[in-house]
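Following: one structure in structure tokens, then a few remarks.
Every number here is computed from the coordinates shown, using simple stated rules; none is lab data. All values reported here derive from a predicted model rather than from experimental measurement. Backbone-built Cβ (ideal geometry, glycine too); neighbour counts: all protein chains shown.
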Amino acid sequence: MGAKLRILGIETSCDETAAAVVSRHDDGTGRIEADVVLSQLDEHSAYGGVVPEIAARAHVDALDSLIEEALTRAGTRLSEIDAIAATAGPGLIGGLLVGLMTGKAIARATGKPLYAINHLEGHALTARLTDNLRFPYLMLLVSGGHTQLVLVRGVGSYERWGTTIDDALGEAFDKTAKLLGLPYPGGPEVERAAATGDEERFAFPRPLVGEARLDFSFSGLKTAVRQAAESIAPVSDQDIADICASFQRAISRTLDDRIGRGLLRFLTEFPQTDGLPALVVAGGVAANKALRRTLQALCDRHGFRFVAPPHHLCTDNAVMIAWAGLERMALGMPADPLDVQPRSRWPLDADAQALLSYGKRGAKA
Ligand code: KG4
Ligand code: ZN
């Protein structure tokens, strides 16, 4: 094992305040030395979604002590850190400002380099830390704010193959839960209810299925759920379970079609890969077991390796931000100047057109 780089990571783009210390040996392997995440769920749940102003204030309150805790847990101090990596976008601007300004202040005070990291790059590169994955591979990011199928060619080299033209997948789960009277966040509630439901009872639409483009659309599904619920109101617990099961089935079928096309495109573009081609899943919705089963079966059918990093590294965290900084640093990519600005909108793939506007959870890249 050769020289080691160690980075402090900071993540504040949405409703998790997070700090981490991660190191990387020059053989490319990494080690998580500390991983601290404070979820603001309790602060937002009464509102049924993330309130940007509350989020920004909560980041201000928590970040300093979380950074201290991460350093203590890692048994290190700022003077022993090689660089600072902070999320600079995309996300809610108030939160981004808190994290990036803190990163700048630490960089300034210690004289260490600052890496302003794209949050989506953090998700995209995590599988290289957890599974030592080689480029190129495909990544499906499914969270409350994003639904994207991305070709990961290398550090800083991404092609967005598909994105949602309306709601993010997590948002569709949350909205469905809300209109059925289930608590926020809705994803786990819908999954729980679906377990005892009849997935054949409602024939919900499967938007864009069969189309050659690789995009997603979930708002029509949500409308269909509302109409189904209204048509049988008042709904019983069994009705709710049946709706949730049918909703999840429609999503599974949609992903099967959309991602299946993505895998075929990957095989056409990269007929030879070093080992099995791989699909990585990330984002909070990746916790859903029915969707995982669908993706696993799809990968098995097409000869892909299915990589799902542990749940706490799929949802928002600072480990992935630190790791993205480490990957950049190891390649000799330049650090950022201290006047770097946060960007609420920051697509991973600069050539991809924005198909979306600003959502509840911030700008959609
Ligand atoms: O990545 P994440 O923790 O946070 C952000 O989007 O920032 O994702 C949260 C989303 C929420 O929409 C939540 O409802 C959804 O992930 N989610 C799930 C499940 N667990 C969380 N959706 C479906 N099934 C689940 N088990
Ligand atoms: Zn995220």
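How big is D, in µm² s⁻¹, for the range 13-66 by Stokes-Einstein at 37 °C and 0.692 mPa s if Rh is the Kirkwood radius over C-alpha pairs? If you can, show how the numbers build up before the last one.
Details: Rh = 12.7 Å.
It diffuses with D of about 259 µm²/s by this estimate.
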Fewest-first ordering of CYS299, CYS244 by Cβ atoms within 10 Å yields CYS299, CYS244
Helix 237-269: inclination vs the chain longest Cα principal axis, degrees, rounded to 10, gives 60 degrees
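Please give me the summed charge of the neighbours of SER45: other residues whose Cβ is under 13 Å from its Cβ, Lys and Arg +1, Asp and Glu -1.
-4
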If you put +1 on each Lys and Arg Cβ and -1 on each Asp and Glu Cβ, how big is the dipole of the chain around its Cα centre, in Debye rounded to 20?
-> 640 debye
Using only Cα atoms, find the angle between the long axis of helix 93-110 and the longest principal axis of the chain, and express it within 0 to 90 degrees, rounded to the nearest 10.
-> 20 degrees
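Just for the chain, what percent of DSSP beta bridges are antiparallel, to the closest 5? Spell out each step's value before the answer.
Details: 32 of 49 bridges.
Among the beta bridges of the chain, antiparallel pairing accounts for roughly 65 percent.
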May I ask for the equivalent-ellipsoid semi-axes of the range 271-329, computed as the square root of five times each C-alpha gyration tensor eigenvalue and listed largest first in whole Å?
-> 23, 18, 6
Would you check the chain for Lys pairs whose C-alpha atoms are within less than 29 Å, ignoring same-chain pairs closer than 8 in sequence, and give me the count?
-> 18
Grab the beta carbon distance between HIS25 and SER45, set R0 = 41 Å, and tell me the FRET efficiency rounded to 0.05.
-> 0.50
Among GLY103, LEU120, GLY144, whose Cα sits farthest toward the positive end of the charge dipole of the range 86-156 (+1 at Cβ of Lys/Arg, -1 at Cβ of Asp/Glu, about the Cα centre)?
-> GLY103
Which Cα, out of THR268, PRO334, PHE247, lies furthest along the positive dipole direction of the range 241-355 (beta carbon charges, K/R +1, D/E -1)?
-> PHE247
What is the antiparallel percent of DSSP beta bridges lying wholly in the range 2-122, to the nearest 5?
-> 65 percent
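Would you mind counting up the charge near ALA352? Only other residues with Cβ under 10 Å from its Cβ, with Lys and Arg at +1 and Asp and Glu at -1. Show your work: numbers first, answer last.
Working: positive: ARG160; negative: GLU159, ASP349, ASP351.
In short, -2.
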Out of the DSSP beta bridges found with both residues in the range 41-197, what percent are antiparallel (nearest 5)?
-> 70 percent
At 10 °C and 1.306 mPa s, what whole-number value in µm²/s does Stokes-Einstein give for the translational diffusion of the range 150-258, with Rh from the Kirkwood sum over Cα pairs?
-> 109 µm²/s
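Any chance you could run the full-extension gain for GLU211 through LEU276? It's 0.36 nm times the residue separation minus the Cα-Cα distance, nm to one decimal.
Working: separation 65, 0.36 × 65 = 23.40 nm, distance 2.67 nm.
Contour length minus Cα-Cα distance gives 20.7 nm.
Got the relative contact order for the range 1-87 handy, in percent, Cα pairs under 8 Å and 6 or more residues apart?
On the way: 146 pairs, mean separation 32.6, N = 87.
Reported relative contact order: 38 percent.
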Taking a quarter of the surface of the Cα convex hull of the range 247-363, what do you get in nm²?
-> 10.0 nm²
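Restricting everything to alpha-carbon atoms, can you work out Rg to Rh for the chain with a Kirkwood hydrodynamic radius?
That ratio equals 0.98.
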The chain, Gaussian network, Cα under 10 Å: of PRO234, PRO113, PRO188, the residue fluctuating most is PRO234
Filtering trypsin sites (Lys or Arg not before Pro) in the range 66-153 by DSSP loop and by at most 14 other Cβ atoms within 10 Å leaves ARG77, ARG134
Backbone N within the range 280-300 under 18 Å of label point (7 Å from GLU159 Cα along the Cβ vector) | 280
Would you work out the charge dipole size for the range 119-265 about its Cα centre, treating the Cβ of every Lys and Arg as +1 and the Cβ of every Asp and Glu as -1, and quote it to the nearest 20 debye?
-> 600 debye
For the range 31-177, rounded, prolate or oblate, judged on the Cα gyration tensor with a ≥ b ≥ c (square roots of eigenvalues), a/c < 1.5 rounded, else prolate if a/b > b/c?
-> oblate
Would you compute, for the Cα atoms of the range 98-219, the largest minus smallest coordinate along each principal axis and list the three values in descending order, in whole Å?
-> 61, 35, 27
Taking every other residue with Cβ under 15 Å from the Cβ of TYR115 and scoring Lys and Arg +1, Asp and Glu -1, one gets +1
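Pull out a ≥ b ≥ c, the square roots of the eigenvalues of the alpha-carbon gyration tensor of the range 1-114, then state rounded if a/c is under 1.5, prolate if not and a/b is larger than b/c, and oblate in the remaining case. Don't skip to the answer; put the middle values down first.
Numbers: a/c = 2.25, a/b = 1.90, b/c = 1.19.
Verdict is prolate for the range 1-114.
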Separation of alpha-carbon centers, the range 241-277 and the range 40-103, rounded to whole Å | 34 Å
Kirkwood radius from Cα pairs of the range 214-305 plugged into Stokes-Einstein at 20 °C, 1.002 mPa s, gives D in µm²/s equal to 142 µm²/s
Short version: what are the Cα gyration tensor semi-axes of the range 114-159, square root of 5 times each eigenvalue, largest first, in whole Å?
-> 15, 14, 11
Between HIS302 and ALA3, what length in nm is gained on full extension when 0.36 nm per residue of separation is reduced by their alpha carbon distance?
-> 103.7 nm
Would you work out which of ALA18, SER65, ILE84 lies farthest towards the positive end of the dipole of the range 1-94, given +1 charges on the beta-carbon of Lys and Arg and -1 on that of Asp and Glu, about the Cα centre?
-> ILE84
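Only loop residues by DSSP count here, and only those with at most 12 other Cβ atoms within 10 Å; note down the trypsin sites (Lys or Arg not before Pro) in the range 210-318 that meet that.
Numbers: sites: ARG213, LYS222, ARG226, ARG249, ARG253, ARG258, ARG261, ARG265, LYS289, ARG292, ARG293, ARG301, ARG305; in loops: ARG213.
Answer in residue order: ARG213.
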